[in-house]
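The values are calculated or read from the model by the stated rules, or taken from the named source; none is laboratory data. Here the structure is a predicted model, which is why all the values come from computation and not from measurement. Counting neighbours? That spans all protein chains shown, and the Cβs are built from the backbone with ideal geometry, glycine included.
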Amino acid sequence: MRATRSAMRASCGSWASSSPAGPSSWRATPTTIPICCSPGRAAGWPRHLDAPGRGWHSEPVYLPGRTAAAQGRRWGRRRGRCGGRSGSQGIIRSRLMDNRTPGTAGARGGHEAAPLAAQLAALTDPSLDPLFWQAERIGEASAWWQHVPFAHWLVRQAAPRSLVELGARDGISYSAFCHAVQRGGLPTRCWAVQREEEDQGATSCGGAERGNFRSFHDARFLAFSGLLRMAADAALPRFADRSIDLLHIDGLRTQEAARHDFEAWLPKMSERGVVLLHGTNVLEEEDAGVWRLWAELRGRYPAFEFLHGGGLGVLCVGEAPPPAVLALTALADPAETARLRGRFAWLGERWEAETRERLATEARHEAERQAAALESRRAQAVQRAEAARAELEAERDRAEQRTEAARSASMTAAFSHVEAAQAELEAARRKAEQDAAAREQLLSRLLRAEGELHATQASLRLLTQSTLWRAAAPLRSAAGRLPPGMRRGVRGAMKLAWWSATLQLPRKLRERREIIAALAAMPQPAPAASAQALAFTAPTASQGAALADLSGMGALRVVCISGEASTPGHLYRVERPAAAARRAGAQVWVVRMEDIEASLAEIGMAQVLWMWRVPLNEAVALAISTARRNGARVVFDVDDLLIDPRLARSDKIDGIRSQKLPEEMVANHFHQARQAMLASDLCTTSTEELAWHMRDAGMPVRVLPNGFDHDTLAVSRRAARHWAKERDGLLRIGYASGSRTHQKDFKQCAAAVAGALRRFPEARLVLFRFAQNIPTMEGTPTLDVEEFPELAGLEDRIEWRPMVPLPRLPEEVARFDVNLAPLEVGNDFCEAKSELKYFEAALVDVPTIASPTGPYRRAMKHGETGYLAGTPEEWSSALEALLGDAALRRRMAAAAQRDVLWAYGPEQRNAAVADVLEMLRGGRSAALAFRRSCEPLPLPVAPAVPEHEVVYEHDALGAAAVTVIVPLYNYARHVAEALDSVVAQTLRPLDLVIVDDASTDDSRAVALRWAAANAGRFNRLVVARNLKNAGLGLTRNVAFTLAETPWVLPLDADNRLLPDCAAACLRTADASGAAFAYPIIRKFGDGEGVMNLPPYDPVRMANGNYIDAMALISRAAWNWVGGYDHIPGGWEDFDFWCRLMERGLHGEQVPGEPLAEYRVHHTSMINTANSSTARVEAMIAELTRRHPWLTIIWPLKVPRPKA
């Protein structure tokens, strides 16, 4: 500061030396107009603030109305005062330009006109405009209201290039700064740091206030301003040293906290730096300490303090602060200081009074509007009540008429029914008597036949002991060698000859005809359809071959019977598991329950009969018995608690009440489902809670969770991207109920939702109505809101949407900002529900609030991947947190999506279904499959993703299966060639993501030009850049994160793909079920030969890596193992392959010719890494530390180091 003051004094001294004759050559230079000087001096030549040690303006001043000579004489009289006069004035600098030539003013009155002209200039000075601007941000009551006029003036005078506020909460001060920037047309870049540490002590109202401020801010200042919700220290790295011109420190109480922020941010202040400290005059509060810090700082820096509004301190901390601000801090005259403070205090109080009046007016208007709305609703309610009363009276009359008519018709029908029943009973009695008589006749014939049998057996014994029998032995021997059919013919002929010889033929034929006719006339017993009759028993000898084939290695024949093929559950529990079984090599047929009889041929050949939600009716019993004859195993699957008839009560299942179903009918259906379960060999289900109830019935069970497939993932990601472009500023709370059976479930959160709608005016509740494809239910809401008085008066805040088929559901869920999954905790039926609402919302970037049932507790990490809410207070808190913080919603949804990609994706389901099929085969493979199913699924590891930003994006909103990713670092000379090879791919559609790792050459510019020229070739093309250099492995992680497809193909920027590479890799991956598929690669450039030749073998990989990073990789698998890691020197891909193998995932080589090309050159990473023995030794040590099962063979053509 001493150097600064000397420089200022030198500048003041240079005025006299530069123009000895005075400023006669000036025309219209800036005028200085005092705001707080005495009236006698206001119109004269303004006194510069030239106290000792406080240099001021480095430019001269011309006052209109004075001749050049007069000004020169006055200048000469004052030139000696610069640096020698005490007492300074606060000034406001303006740019009034006088077009008159010096010397012409005397003709208009000379010296007499000067005071009036100066006073008029002071009144019309545009530099005073900021003092009278009306700020747009009103907000809550704030001490900063009284400083808004000064904030406007300060920004206009200082014209900062960069402005930062620490502690922006209600936004009053920060909005005043931004408003001044906007009104002044200044090129200022503004940032507000909303401290996270303040949020911990903030009330719920404060959270809403911040949310409202963000909406207010984004609608007005987003073009030049940004909000950072983080700790002040965390924000420091985002600003370069000596880059901030104006810093406002607010929201702190203690001296230590304020000192910490001041000292931490001081290096960020520029040479023009000015710091504002709010709260310098707050002494009465116990923890107030800013005034102590101010007492220290004002002795170290030029300073000025306003005492109103809690106190506001102004510090000039830069070497060359704005002249107007430096002039303010130089005020030394107590009277002028008091006058300046008083005027700004008066302006602030006047603005505060006007603001309070505006708030009161708005509150009054709002109250009047609400009163009018309430009166309107009351009138409408009275009108509806009257209409309902009239309709009720009319309906009562009609009901009485219908009742009387029905009573009459019912009695007539009852009499007719009784008469018909009596007639049927009489006919049945007569038929029973006839049947009894027939049975008596048959019984007597049977006794007579037994007597004849004994006589025949005696005769046979005599015959076999006779000489004739012995003599006929050769004839019998010859007959025994005849074919079976001829033997039966010979035997029949001999019987006929015997009966003819003994005169018994007519009687035998008559008896045979009578027995056949009697048996045909007897009623046949109904087929046994009980679970005990159909349950699995030991196979007969004829079934042994079928079971032997089942436990062999042949393809299993599986028939899936769907009990509710027209419901969404059919996709989750039948179609997707059937696809997984086909992936495991099984032959699968899907049969609707009503088509069983037409499919008996397929059922008869089945080795596994897999049934979902079927009751044990005649058709299902027929299917089970048909499959049993071939030795098939029977599997029963259910995804709701339908197997316990005791739960068929309206207090347990709200759908019985809401749909007015008879409990007896529901209990009978549950009983039949239970019988079907008991008739099976193995049960599968969607949750552990359902599995417990099945085990309680004595059944073996395996859990197969619900999940999604690649088609659903593609639709979900496309829907999320589409809605991100269509957002309309509303906040949507979504409840995607598929049927009118969840009234009690929604009751868990109804009050919290109503409260959120009232606290957030921009919030909407999204509900659904049945669509036209259900004619009897068309237009009926899936949720009856009239059962929830909490929502009364909020009807206009409910957004009704038509129900859509399940494949289109992601398009609707993507519109939500918060997804609701309420369930009645403690209710056995609700506790058994699956967590599918969680993963479906995560796929479209929407966070979920769910009830803490078992499935949701296991699926979600509270506060990280979603919120669990068991009380109305917890529902309210979770809704407020998510609705008030868009960054939190994005962060939580991203974490949820990483969490569900593998756990609920097709890869995990394929493995689980394959294990169940192995268990059904039996043998050692079944034991291994059972062990795998008992091992807990390892949790996904969040990949390390550096900070990055998207700099170019093209999106046709289609659905591709593969994304090619290109990490780029200082390969400007090669990258276009690599990208051209992506354009040439035969696979369409195709996505491309390019990530520049902070290159120091023109790589990013080359990539951007190429992207703009070739965007039309791709469904989606993204160019991003890392904010700091992160290395190859972590840059790949950024690209994987930006990819939207199930499969990703890394391509280094110096390599090339041959045209069929992506398509061939995808075919191999789909056919094999592998987690990655790698092509054969040929070298070019400074080397030749081929790579990736050996087929996939994890045992071979233990010796060293032979698979290049150019491979098609499952994005879900990448996410599950934690992506790539940074390995000093390289080998990130080797480490990645090892982690895939440790999770039991396998790869597959793409057969055929080479499909990619690897460039060999002296600057390639692998050549650089392998050029140093020490570096390779370090990489080997690091890899073996991470994966102790590795025994890496030395990869270099140099002597192996000693052990």
Does at least one position in the stretch 1135-1148 carry a residue that is within 19 Å of residue 971 (Cβ to Cβ), surrounded by 15 or more Cβ atoms within 10 Å (Cβ to Cβ) and at pLDDT 90 or above? no
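Okay, residues lined up against (1) closer than 30 Å to residue 586 by Cα; (2) crowded, with 20+ Cβ neighbours inside 10 Å:
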| site | (1), (2) |
| --- | --- |
| 995 | no, yes |
| 1000 | no, no |
| 1012 | no, no |
| 1043 | no, yes |
| 1052 | no, yes |
| 1062 | yes, yes |
If you scan the stretch 726-746, which residues turn out to be free of Cβ contacts under 8 Å to residues at least 60 places away in the same chain and among the charged types (D, E, K, R)? 726, 727, 728
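Report, by residue number, each residue of the stretch 882-910 that is over 16 Å from the mean Cα position of the chain (by Cα) and not charged (D, E, K, R). Steps first, answer last, please.
Step one: list which residues in the stretch 882-910 are over 16 Å from the mean Cα position of the chain (by Cα), which gives 884, 906-910.
884, 906, 908, 910, listed by residue number.
Inspect all residues belonging to the stretch 1084-1105 and state whether any of them is modelled with pLDDT of 95 or more and either in the same structural domain as residue 1153 (by TED's automatic domain parsing) or not small (Gly, Ala, Ser) (or both). Quick ask: steps written out before the conclusion?
Going residue by residue through the stretch 1084-1105, those that are modelled with pLDDT of 95 or more are none.
No: zero hits.
Suppose the filter is surrounded by fewer than 18 Cβ atoms within 10 Å (Cβ to Cβ), among the aliphatic types (A, V, I, L, M) and in contact (Cβ under 8 Å) with a residue 24 or more places away in the chain; does residue 605 pass it?
Numbers: surrounded by fewer than 18 Cβ atoms within 10 Å (Cβ to Cβ): yes; among the aliphatic types (A, V, I, L, M): yes; in contact (Cβ under 8 Å) with a residue 24 or more places away in the chain: yes.
Yes; evaluated as a whole, the condition is true for this residue.
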For the stretch 930-946, name all the residues that are out of contact with any helix residue (DSSP H, G or I) (no Cβ under 8 Å at 6 or more places or on another chain) and either outside any loop (DSSP other than H, G, I, E, B) or in the same structural domain as residue 1126 (by TED's automatic domain parsing) (or both). 931, 934
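Please verify whether residue 697 is in contact with a helix residue (DSSP H, G or I) (Cβ under 8 Å, 6 or more places away or on another chain), surrounded by fewer than 19 Cβ atoms within 10 Å (Cβ to Cβ) and in contact (Cβ under 8 Å) with a residue 40 or more places away in the chain, treating the condition exactly as stated. Walk me through it before giving the result.
Details: in contact with a helix residue (DSSP H, G or I) (Cβ under 8 Å, 6 or more places away or on another chain): yes; surrounded by fewer than 19 Cβ atoms within 10 Å (Cβ to Cβ): yes; in contact (Cβ under 8 Å) with a residue 40 or more places away in the chain: yes.
Yes: the conditions hold for residue 697.
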Matching option when the condition is modelled with pLDDT under 85, part of a helix (DSSP H, G or I), β-branched (Val, Ile, Thr) and over 25 Å from the mean Cα position of the chain (by Cα), among 741, 776: 776
Taking the condition in contact with a Ser or Thr (Cβ under 9 Å, 6 or more places away or on another chain) and on the phi < 0 side of the Ramachandran plot, does residue 1017 pass? no
Can you find even one residue in the stretch 941-955 that is at pLDDT below 90 and farther than 30 Å from residue 226 by Cβ? yes
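Could we say that residue 889 is in a helix (DSSP H, G or I), surrounded by fewer than 17 Cβ atoms within 10 Å (Cβ to Cβ) and either in contact (Cβ under 8 Å) with a residue 24 or more places away in the chain or out of contact with any strand residue (DSSP E or B) (no Cβ under 8 Å at 6 or more places or on another chain) (or both) here?
Details: in a helix (DSSP H, G or I): yes; surrounded by fewer than 17 Cβ atoms within 10 Å (Cβ to Cβ): no; either in contact (Cβ under 8 Å) with a residue 24 or more places away in the chain or out of contact with any strand residue (DSSP E or B) (no Cβ under 8 Å at 6 or more places or on another chain) (or both): yes.
So residue 889 does not fit the description; no.
On the given criteria, is residue 1073 small (Gly, Ala, Ser) and either without any contact (Cβ under 8 Å) to a residue 24 or more places away in the chain or at positive phi (or both)?
Details: small (Gly, Ala, Ser): yes; either without any contact (Cβ under 8 Å) to a residue 24 or more places away in the chain or at positive phi (or both): yes.
Yes: the conditions hold for residue 1073.
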Search the stretch 948-973 for residues that are in contact (Cβ under 8 Å) with a residue 12 or more places away in the chain and pair each with any residue that is β-branched (Val, Ile, Thr) and in a loop (DSSP other than H, G, I, E, B) when their beta-carbon atoms are under 8 Å apart and the residues are at least 6 apart or on different chains. 960/1045; 961/1045; 962/1045; 963/1045; 970/1000
With respect to residue 1117, determine if the residue is within 23 Å of residue 944 (Cβ to Cβ) and in a helix (DSSP H, G or I). yes
Which of (1) in contact (Cβ under 8 Å) with a residue 24 or more places away in the chain; (2) more than 15 Å from residue 248 (Cα to Cα); (3) in the same structural domain as residue 247 (by TED's automatic domain parsing) does residue 351 not meet, given it meets every other one? (3)
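A quick yes/no check of all residues on (1) surrounded by fewer than 19 Cβ atoms within 10 Å (Cβ to Cβ); (2) hydrophobic (A, V, I, L, M, F, W, C); (3) part of a helix (DSSP H, G or I); (4) not assigned by TED's automatic domain parsing to the domain that holds residue 958:
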{"site": "800", "(1), (2), (3), (4)": "yes, yes, no, yes"}
{"site": "804", "(1), (2), (3), (4)": "yes, yes, no, yes"}
{"site": "807", "(1), (2), (3), (4)": "yes, no, yes, yes"}
{"site": "810", "(1), (2), (3), (4)": "no, no, yes, yes"}
{"site": "823", "(1), (2), (3), (4)": "no, yes, no, yes"}
{"site": "826", "(1), (2), (3), (4)": "yes, no, no, yes"}
{"site": "833", "(1), (2), (3), (4)": "no, no, no, yes"}
{"site": "839", "(1), (2), (3), (4)": "no, yes, yes, yes"}
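On the phi < 0 side of the Ramachandran plot and either touching an Asp or Glu at 6+ places or on another chain (Cβ under 8 Å) or surrounded by fewer than 14 Cβ atoms within 10 Å (Cβ to Cβ) (or both): does that describe residue 946? Working first, answer last.
On the way: on the phi < 0 side of the Ramachandran plot: yes; either touching an Asp or Glu at 6+ places or on another chain (Cβ under 8 Å) or surrounded by fewer than 14 Cβ atoms within 10 Å (Cβ to Cβ) (or both): no.
Against the criterion (on the phi < 0 side of the Ramachandran plot and either touching an Asp or Glu at 6+ places or on another chain (Cβ under 8 Å) or surrounded by fewer than 14 Cβ atoms within 10 Å (Cβ to Cβ) (or both)), residue 946 does not qualify.
With the stretch 988-1082 as the region, which strands (runs of 3 or more DSSP E) entirely inside it contain at least 1 residues that are over 20 Å from residue 1156 (Cβ atoms), among the β-branched types (Val, Ile, Thr) and modelled with pLDDT of 95 or more? Steps first, please.
Values: elements: 991-996, 1020-1026, 1047-1050, 1076-1078.
It comes to 1020-1026.
If a residue must be in contact (Cβ under 8 Å) with a residue 40 or more places away in the chain and either of a type in the set (Asp, Glu) or in a loop (DSSP other than H, G, I, E, B) (or both), how many such residues does the stretch 1095-1112 contain?
Just the residues of the stretch 1095-1112 that are in contact (Cβ under 8 Å) with a residue 40 or more places away in the chain, to begin with: 1095-1096, 1098, 1101-1104, 1107-1112.
When the remaining residues are screened for being either of a type in the set (Asp, Glu) or in a loop (DSSP other than H, G, I, E, B) (or both), the result is 1095-1096, 1102-1104, 1107-1111.
So the answer is 10.
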Tally, over the stretch 692-710, of residues that are under 21 Å from residue 581 (Cβ atoms) and within 32 Å of the chain's Cα centre (by Cα): 10
